[in-house]
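Report on the following structure.
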Amino acid sequence: MRFDVLTLFPDLFAPFVEQGIMGRAVQQGKLDVCLTNIRDHARGAHRVTDDRPYGGGSGMVMKAGPIVRALGAVERISDRCRVVLLTPQGRLFDQDLAWELADLDQLILVCGRYEGVDERVLKGFVDQEVSIGDYVLSGGESAALVVMDAVGRLVPGVLGSEDSNREDSFEDGLLEHPHYTRPRVFEGREVPEVLLSGDHERIRVWRRAQALKRTLERRPDLLERARLTEEDRRILSELK
Ligand code: 6GU
(Lines give C-alpha, C1' and ligand atoms only; values in the text may rest on other atoms or scores of the structure.)
Protein backbone atom coordinates (compact mmCIF):
# COMPACT_ATOMS: atom_id res chain seq x y z
CA MET A 1 0.00 0.00 0.00
CA ARG A 2 1.17 3.49 -0.80
CA PHE A 3 0.67 6.52 1.45
CA ASP A 4 1.17 9.99 0.05
CA VAL A 5 1.39 12.82 2.56
CA LEU A 6 0.92 16.43 1.50
CA THR A 7 2.32 18.70 4.18
CA LEU A 8 4.20 21.90 4.88
CA PHE A 9 6.45 19.92 7.26
CA PRO A 10 7.69 16.79 5.48
CA ASP A 11 10.71 16.50 7.81
CA LEU A 12 8.38 15.63 10.71
CA PHE A 13 7.71 12.23 9.14
CA ALA A 14 11.22 10.81 8.75
CA PRO A 15 11.64 9.11 12.17
CA PHE A 16 8.25 7.42 11.93
CA VAL A 17 8.80 6.21 8.40
CA GLU A 18 12.31 4.92 9.13
CA GLN A 19 11.80 3.10 12.44
CA GLY A 20 9.69 0.42 14.10
CA ILE A 21 6.99 -1.62 12.42
CA MET A 22 6.46 1.06 9.80
CA GLY A 23 10.19 1.29 9.01
CA ARG A 24 10.43 -2.46 8.55
CA ALA A 25 7.34 -2.55 6.32
CA VAL A 26 8.76 0.24 4.16
CA GLN A 27 12.09 -1.58 3.84
CA GLN A 28 10.29 -4.78 2.91
CA GLY A 29 8.33 -2.90 0.27
CA LYS A 30 4.97 -3.65 1.88
CA LEU A 31 4.34 0.03 2.56
CA ASP A 32 5.49 3.02 0.59
CA VAL A 33 5.46 6.55 2.02
CA CYS A 34 5.82 9.47 -0.39
CA LEU A 35 6.08 12.99 1.00
CA THR A 36 5.06 16.07 -0.95
CA ASN A 37 5.90 19.53 0.35
CA ILE A 38 2.90 21.73 -0.40
CA ARG A 39 5.22 24.74 -0.48
CA ASP A 40 6.90 23.32 -3.60
CA HIS A 41 3.59 23.97 -5.38
CA ALA A 42 3.17 27.55 -4.13
CA ARG A 43 3.82 30.42 -6.50
CA GLY A 44 5.82 33.63 -6.35
CA ALA A 45 9.17 34.46 -4.85
CA HIS A 46 7.82 33.96 -1.34
CA ARG A 47 6.00 30.67 -2.03
CA VAL A 48 3.07 31.76 0.08
CA THR A 49 0.75 28.91 1.15
CA ASP A 50 -1.67 30.81 3.41
CA ASP A 51 -3.56 34.07 3.46
CA ARG A 52 -5.98 36.12 5.56
CA PRO A 53 -9.59 34.92 5.71
CA TYR A 54 -12.24 36.65 3.60
CA GLY A 55 -14.75 38.21 5.98
CA GLY A 56 -12.05 38.96 8.51
CA GLY A 57 -11.13 37.27 11.73
CA SER A 58 -8.00 35.97 13.32
CA GLY A 59 -5.67 33.34 11.94
CA MET A 60 -4.73 32.33 8.44
CA VAL A 61 -6.31 30.04 5.87
CA MET A 62 -4.39 27.63 3.64
CA LYS A 63 -4.74 28.68 0.01
CA ALA A 64 -6.48 26.29 -2.39
CA GLY A 65 -3.99 26.64 -5.25
CA PRO A 66 -0.87 25.05 -3.72
CA ILE A 67 -2.85 22.12 -2.27
CA VAL A 68 -4.73 21.42 -5.49
CA ARG A 69 -1.55 21.62 -7.59
CA ALA A 70 0.25 19.33 -5.11
CA LEU A 71 -2.63 16.83 -5.41
CA GLY A 72 -2.38 17.05 -9.19
CA ALA A 73 1.32 16.19 -9.00
CA VAL A 74 0.77 12.99 -6.99
CA GLU A 75 1.13 9.90 -9.15
CA ARG A 76 -2.04 7.75 -8.96
CA ILE A 77 -1.00 4.12 -8.87
CA SER A 78 -4.53 2.68 -8.83
CA ASP A 79 -8.25 3.44 -9.03
CA ARG A 80 -8.41 2.12 -5.48
CA CYS A 81 -7.21 5.44 -4.12
CA ARG A 82 -8.72 7.95 -1.68
CA VAL A 83 -7.85 11.56 -0.89
CA VAL A 84 -8.34 12.31 2.82
CA LEU A 85 -8.08 15.73 4.44
CA LEU A 86 -7.13 15.63 8.12
CA THR A 87 -9.32 18.15 9.91
CA PRO A 88 -11.23 18.38 13.18
CA GLN A 89 -14.38 18.79 11.02
CA GLY A 90 -14.02 15.26 9.67
CA ARG A 91 -15.55 11.88 10.43
CA LEU A 92 -14.11 10.45 13.63
CA PHE A 93 -11.36 7.94 12.85
CA ASP A 94 -11.93 4.49 14.33
CA GLN A 95 -10.90 0.86 13.75
CA ASP A 96 -13.72 0.31 11.24
CA LEU A 97 -12.46 3.19 9.11
CA ALA A 98 -8.89 1.90 9.49
CA TRP A 99 -9.96 -1.46 7.97
CA GLU A 100 -11.81 0.32 5.18
CA LEU A 101 -8.76 2.42 4.29
CA ALA A 102 -6.41 -0.59 4.55
CA ASP A 103 -8.29 -2.10 1.62
CA LEU A 104 -7.10 0.68 -0.71
CA ASP A 105 -3.95 0.59 -2.85
CA GLN A 106 -3.18 4.26 -2.22
CA LEU A 107 -4.16 6.74 0.49
CA ILE A 108 -3.42 10.42 -0.05
CA LEU A 109 -3.36 12.35 3.23
CA VAL A 110 -3.59 16.13 3.12
CA CYS A 111 -2.41 17.84 6.30
CA GLY A 112 -4.18 21.10 7.08
CA ARG A 113 -2.43 23.77 9.11
CA TYR A 114 -3.35 27.14 10.52
CA GLU A 115 -7.02 27.83 11.18
CA GLY A 116 -8.18 25.79 8.22
CA VAL A 117 -8.13 25.11 4.49
CA ASP A 118 -9.96 27.06 1.79
CA GLU A 119 -13.36 25.35 1.48
CA ARG A 120 -12.99 25.06 -2.30
CA VAL A 121 -10.32 22.36 -1.87
CA LEU A 122 -13.01 20.15 -0.35
CA LYS A 123 -15.37 20.24 -3.31
CA GLY A 124 -13.96 18.06 -6.06
CA PHE A 125 -10.46 17.40 -4.78
CA VAL A 126 -11.00 15.62 -1.45
CA ASP A 127 -12.96 12.37 -1.03
CA GLN A 128 -13.28 12.39 2.74
CA GLU A 129 -12.50 14.52 5.80
CA VAL A 130 -11.17 12.67 8.84
CA SER A 131 -10.59 13.77 12.45
CA ILE A 132 -8.70 11.68 15.01
CA GLY A 133 -10.60 12.96 18.05
CA ASP A 134 -12.38 15.77 19.78
CA TYR A 135 -9.44 18.00 20.62
CA VAL A 136 -7.51 20.69 18.80
CA LEU A 137 -4.20 20.00 17.06
CA SER A 138 -2.15 22.74 15.46
CA GLY A 139 -1.97 20.74 12.26
CA GLY A 140 -2.93 17.52 10.56
CA GLU A 141 0.60 16.05 10.58
CA SER A 142 0.30 14.14 13.85
CA ALA A 143 -3.16 12.97 12.74
CA ALA A 144 -1.71 11.68 9.45
CA LEU A 145 0.85 9.68 11.44
CA VAL A 146 -1.92 8.19 13.56
CA VAL A 147 -3.88 7.18 10.46
CA MET A 148 -0.81 5.71 8.72
CA ASP A 149 0.09 3.71 11.83
CA ALA A 150 -3.41 2.30 12.36
CA VAL A 151 -4.00 1.58 8.65
CA GLY A 152 -0.49 0.36 7.78
CA ARG A 153 -0.47 -2.35 10.44
CA LEU A 154 -3.63 -3.86 8.91
CA VAL A 155 -1.96 -4.33 5.53
CA PRO A 156 -1.16 -8.05 5.07
CA GLY A 157 2.45 -8.88 5.97
CA VAL A 158 3.16 -5.67 7.88
CA LEU A 159 2.85 -7.27 11.33
CA GLY A 160 4.99 -10.30 12.14
CA SER A 161 2.14 -12.70 12.80
CA GLU A 162 -0.98 -12.10 10.76
CA ASP A 163 -3.42 -12.85 13.54
CA SER A 164 -1.94 -10.49 16.12
CA ASN A 165 -4.48 -8.01 14.73
CA ARG A 166 -7.40 -10.15 15.75
CA GLU A 167 -6.50 -10.26 19.43
CA ASP A 168 -5.90 -6.55 19.72
CA SER A 169 -8.04 -4.13 21.59
CA PHE A 170 -11.04 -2.96 19.56
CA GLU A 171 -10.94 -5.79 17.05
CA ASP A 172 -13.83 -7.38 18.90
CA GLY A 173 -14.90 -4.06 20.34
CA LEU A 174 -13.49 -4.61 23.85
CA LEU A 175 -10.52 -3.22 25.74
CA GLU A 176 -7.67 -5.67 26.26
CA HIS A 177 -7.06 -7.82 29.31
CA PRO A 178 -4.01 -6.89 31.47
CA HIS A 179 -0.57 -8.19 30.47
CA TYR A 180 2.32 -9.41 32.64
CA THR A 181 5.86 -10.54 31.99
CA ARG A 182 8.85 -11.44 34.21
CA PRO A 183 9.68 -11.04 37.04
CA ARG A 184 6.90 -12.96 38.81
CA VAL A 185 7.09 -10.49 41.74
CA PHE A 186 7.83 -6.82 41.04
CA GLU A 187 8.14 -4.53 44.09
CA GLY A 188 5.93 -6.86 46.08
CA ARG A 189 3.25 -7.14 43.38
CA GLU A 190 2.58 -10.63 42.11
CA VAL A 191 1.45 -11.85 38.74
CA PRO A 192 -2.11 -13.29 39.02
CA GLU A 193 -1.86 -16.95 39.91
CA VAL A 194 -4.04 -18.12 37.05
CA LEU A 195 -1.43 -16.96 34.49
CA LEU A 196 1.16 -19.30 36.06
CA SER A 197 -1.22 -22.26 36.18
CA GLY A 198 -0.56 -23.54 32.67
CA ASP A 199 -4.31 -24.19 32.38
CA HIS A 200 -5.04 -22.64 28.98
CA GLU A 201 -8.81 -22.78 29.33
CA ARG A 202 -8.77 -21.09 32.77
CA ILE A 203 -6.42 -18.44 31.38
CA ARG A 204 -8.68 -17.80 28.38
CA VAL A 205 -11.76 -17.38 30.57
CA TRP A 206 -9.90 -15.14 33.04
CA ARG A 207 -8.59 -12.90 30.27
CA ARG A 208 -12.00 -12.60 28.67
CA ALA A 209 -13.56 -11.71 32.03
CA GLN A 210 -10.85 -9.09 32.62
CA ALA A 211 -11.44 -7.57 29.19
CA LEU A 212 -15.18 -7.39 29.84
CA LYS A 213 -14.66 -5.94 33.34
CA ARG A 214 -12.34 -3.21 32.08
CA THR A 215 -14.63 -2.31 29.23
CA LEU A 216 -17.62 -2.16 31.57
CA GLU A 217 -15.70 0.06 34.03
CA ARG A 218 -13.85 2.33 31.61
CA ARG A 219 -15.74 2.34 28.31
CA PRO A 220 -19.28 1.06 28.82
CA ASP A 221 -20.19 2.79 25.52
CA LEU A 222 -18.11 0.16 23.67
CA LEU A 223 -20.21 -2.73 25.01
CA GLU A 224 -23.20 -1.68 22.94
CA ARG A 225 -21.31 -2.33 19.70
CA ALA A 226 -19.06 -5.18 20.89
CA ARG A 227 -19.30 -8.67 19.45
CA LEU A 228 -20.34 -10.67 22.51
CA THR A 229 -20.82 -14.41 22.88
CA GLU A 230 -23.28 -16.13 25.20
CA GLU A 231 -20.37 -16.73 27.59
CA ASP A 232 -19.53 -13.00 27.47
CA ARG A 233 -23.11 -12.05 28.38
CA ARG A 234 -23.11 -14.49 31.30
CA ILE A 235 -19.79 -13.07 32.60
CA LEU A 236 -21.12 -9.52 32.20
CA SER A 237 -24.31 -10.18 34.12
CA GLU A 238 -22.21 -11.63 36.96
CA LEU A 239 -19.96 -8.53 36.93
CA LYS A 240 -22.98 -6.22 37.07
CL1 6GU B 1 -7.21 15.58 11.73
N2 6GU B 1 -6.50 18.00 12.50
C3 6GU B 1 -6.43 19.00 13.39
N4 6GU B 1 -5.84 20.15 13.06
N5 6GU B 1 -6.93 18.92 14.62
C6 6GU B 1 -7.49 17.77 14.94
C7 6GU B 1 -7.60 16.68 14.07
C8 6GU B 1 -7.08 16.84 12.82
N9 6GU B 1 -8.24 15.69 14.69
C10 6GU B 1 -8.50 16.13 15.90
N11 6GU B 1 -8.07 17.39 16.07
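The values are calculated or read from the model by the stated rules, or taken from the named source; none is laboratory data. Predicted, not measured: the structure shown is a model, and the values here were computed from it. Note that we place each Cβ from the backbone using ideal geometry, even for glycine, and neighbour counts take in every protein chain shown. Protein only, heavy atoms only, side chains kept; ligands, DNA and RNA dropped before computing areas. Shrake-Rupley method; radii C 1.70, N 1.55, O 1.52, S 1.80 Å.
Of note:
- Kyte-Doolittle mean at least 0.0, axial Cα span of 30 Å or more - DSSP H helices of the chain: none
- Remark: the Leu228-Arg52 segment gains 58.2 nm on full extension, using 0.36 nm per residue and subtracting the alpha carbon distance.
- Kirkwood-based Rg to Rh ratio, the chain, C-alpha trace: 1.08
- Computed [θ] at 222 nm, deg cm²/dmol, the chain (DSSP H ≥ 4; -39,500 (n - 2.57); rounded to nearest 500): -9500 deg cm²/dmol
- Counting only protein heavy atoms and using a 1.4 Å probe, the accessible area of Trp206 comes to about 60 Å².
- Within-12-Å neighbourhood charge of Pro220 [Cβ basis; K, R +1; D, E -1]: +3
- With K and R counted +1 and D and E -1, the other residues having a Cβ less than 12 Å from that of Leu97 yield a net charge of -3.
- GNM on the chain, alpha-carbon springs under 10 angstrom: the most fluctuating residue among Asp32, Asp149, Asp134 is Asp134.
- Calculated FRET value between Ala64 and Tyr135, using beta carbons and R₀ = 30 Å, to 0.05: 0.70
- Zone residues, region 195-214, relative to Glu176, backbone N less than 19 Å from point 7 Å out along Cα-to-Cβ: 195-196, 203-214
- Amide hydrogen neighbours beyond the local backbone of Ser131, cut-off 5 Å, H modeled: Thr87, Gly90, Arg91, Leu92, Phe93
- Placing dummy labels 7 Å off each Cα toward the beta-carbon, the span from Arg91 to Arg202 is 4.6 nm.
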